[in-house]
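Novice: There's a structure below that I have some questions on.
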Amino acid sequence: QAFFRQIQRAAPPSPTKRHTKISVVGAGNVGMAIAQTILTQDVADELVLIDAKPEKLRGEMLDLQHAAAFLPRTKIRASVDYALTDGSDLCIVTAGARQIPGESRLNLLQRNVTLFRSIIPPLARYSPEAILLIVSNPVDVLTYVAWKLSGFPSNRVIGSGTNLDSSRFRFLIADHLDVNAQDVQAFIVGEHGDSSVALWSSISVGGVPILSFLEKQQIAYEKKTLENIHKEVIDSAYEVISLKGYTSWAIGYSVANLARSILRDQRKIHPVSVVASGFYGIEGGDVFLSLPAQLGRGGVLGVATVHLTDEEAHQLRDSAKTILEVQNQLGI
Ligand code: 6V0
């Protein structure tokens, strides 16, 4: 006898009810931090983990499943077979060779392009309507590689980009001013990592533009302090990697936050890697760089046209040029 019995005159479940499915490829430190944060956010009905190592994968799956009593209900499955990702709404790719201490993100590229050739085509085949969210480094170039290998329209291929750099920036500004980081509006755009660009004019705290505030207070050398904060942002990934071997918690929260904006159609603005060609004089080919983009159920809904100083626009074009030179050597 069944544990539950149908009540009288009940109708079958509506076939139009949306079932939200997220697949995470790469069950390493970053993939698992993303997976566990997504579970706490209640954004998915089903979470699929894919990795090349079956034992580790099964261990991670069981460990997460055992937390079911404390979490919103999400079906968690795992496999080395991409067939399990069938019909995903969002595919998050974190698989990759790990950045070793001191290694530049660009050095990782060639190793990861080879991996992507075995990851992106099956993802695209099993989930032709999905949004691809790329996290593996170097994220801007690999987002371009994923776009090319998937054949998806550009609004459905997004790199996590400088979303993480911007949250580090907001934390450091908040720490410096002793305020809540959620009250700090600040964007880092451009390349994720070494050549990122801080948008000084956009920084505000509780709606108060910070540079003009500091000028009025005649705090002359604060601009220098802010520049040091940006330098600290750039160094921070290297510092965490040299201390604990990898980064995980902040990227986990950052990507889960993007997943929520996309799947819950939040239409929030995030600095993420999108096709930047045509913006701020960027030309010469297709290139992905982070710009403040509005995200929703359709992926990238638009890019906010923020004011950049000549120097900032110049820095962006320089990053685009460097990335294009690298991309041209990939033969994709
Ligand atoms: P990790 O812990 O080594 O995990 C990588 C995982 O990928 C491992 O579990 C591997 O088994 C798996 N893997 C390797 N090849 C395949 C394959 N062909 N198919 C499926 N799975 C595979 O690395 P970690 O999780 O620390 O980092 C993953 C990636 O994220 C790296 O490229 C990092 O550089 C990148 N990060 C990107 C960040 C960003 O802001 N964009 C931030 C942090 C890390």
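Novice: When you scan region 304-319, how many residues do you find that are at pLDDT below 90 and loosely packed, with under 14 Cβ neighbours inside 10 Å?
Specialist: 4
Novice: I'd like to check something: does region 68-85 contain any residue that is under 28 Å from Gly161 (Cα atoms) and of a type in the set (Phe, Trp, Tyr)?
Specialist: Within region 68-85, one or more residues are under 28 Å from Gly161 (Cα atoms) and of a type in the set (Phe, Trp, Tyr).
Novice: Does His66 count as over 22 Å from Val255 (Cα atoms) and surrounded by fewer than 14 Cβ atoms within 10 Å (Cβ to Cβ)?
Specialist: Numbers: over 22 Å from Val255 (Cα atoms): yes; surrounded by fewer than 14 Cβ atoms within 10 Å (Cβ to Cβ): yes.
The answer is yes for His66.
Novice: Follow-up question, since we're still on this one. If Arg117 satisfies all but one of (1) buried (at least 20 other Cβ atoms within 10 Å of the Cβ); (2) outside any loop (DSSP other than H, G, I, E, B); (3) at pLDDT 95 or above; (4) within 12 Å of the ligand (Cβ to nearest atom), what's the number of the condition it fails?
Specialist: All conditions are met except number (1).
Novice: Can you spot a residue in region 76-96 that is of a type in the set (A, V, I, L, M), in a helix (DSSP H, G or I), surrounded by 20 or more Cβ atoms within 10 Å (Cβ to Cβ) and touching a strand residue (DSSP E or B) at 6+ places or on another chain (Cβ under 8 Å)? Talk me through it step by step, then tell me what you get.
Specialist: Filtering region 76-96 down to residues of a type in the set (A, V, I, L, M) leaves 76, 78, 80, 83-84, 90, 92-93, 95.
Those still in the list that are in a helix (DSSP H, G or I) too: 83-84.
Going one step further and asking which of them are surrounded by 20 or more Cβ atoms within 10 Å (Cβ to Cβ), we end up with none.
No.
Novice: Restricting attention to region 142-159, which residues are away from the ligand (no atom under 16 Å from the Cβ) and not in a helix (DSSP H, G or I)?
Specialist: Within region 142-159, Gly151, Phe152, Pro153 qualify.
Novice: Right, next: Given (1) closer than 22 Å to Thr322 by Cβ; (2) touching a Lys or Arg at 6+ places or on another chain (Cβ under 8 Å); (3) away from the ligand (no atom under 16 Å from the Cβ), identify the lone condition not met by Asp194.
Specialist: (3)
Novice: Something else about it: Can you tell me which of (1) within 12 Å of the ligand (Cβ to nearest atom); (2) surrounded by fewer than 13 Cβ atoms within 10 Å (Cβ to Cβ); (3) not in a helix (DSSP H, G or I) is the one Ala27 doesn't meet?
Specialist: The one condition Ala27 does not meet is (2).
Novice: Can you spot a residue in region 171-185 that is within 14 Å of the ligand (Cβ to nearest atom), within 25 Å of the chain's Cα centre (by Cα) and not in a strand (DSSP E or B)?
Specialist: Our first condition is that a residue be within 14 Å of the ligand (Cβ to nearest atom); within region 171-185, this holds for none.
For region 171-185, residues within 14 Å of the ligand (Cβ to nearest atom), within 25 Å of the chain's Cα centre (by Cα) and not in a strand (DSSP E or B): absent.
Novice: Would you mind telling me which numbered condition in (1) surrounded by fewer than 16 Cβ atoms within 10 Å (Cβ to Cβ); (2) touching a residue at least 12 places away in the same chain (Cβ under 8 Å) Ile50 fails?
Specialist: (1)
Novice: Check Ser166 against each of (1) under 26 Å from Thr20 (Cα atoms); (2) under 15 Å from the mean Cα position of the chain (by Cα); (3) polar (S, T, N, Q) and name the one condition it does not meet.
Specialist: With (1) under 26 Å from Thr20 (Cα atoms); (2) under 15 Å from the mean Cα position of the chain (by Cα); (3) polar (S, T, N, Q) applied to Ser166, the lone miss is (1).
The values are calculated or read from the model by the stated rules, or taken from the named source; none is laboratory data. Just so you know, these numbers come straight off a predicted model, no measurement behind them. Because the Cβ atoms are built from the backbone with ideal geometry, glycine has one as well, and the counts that use them run over all protein chains shown.
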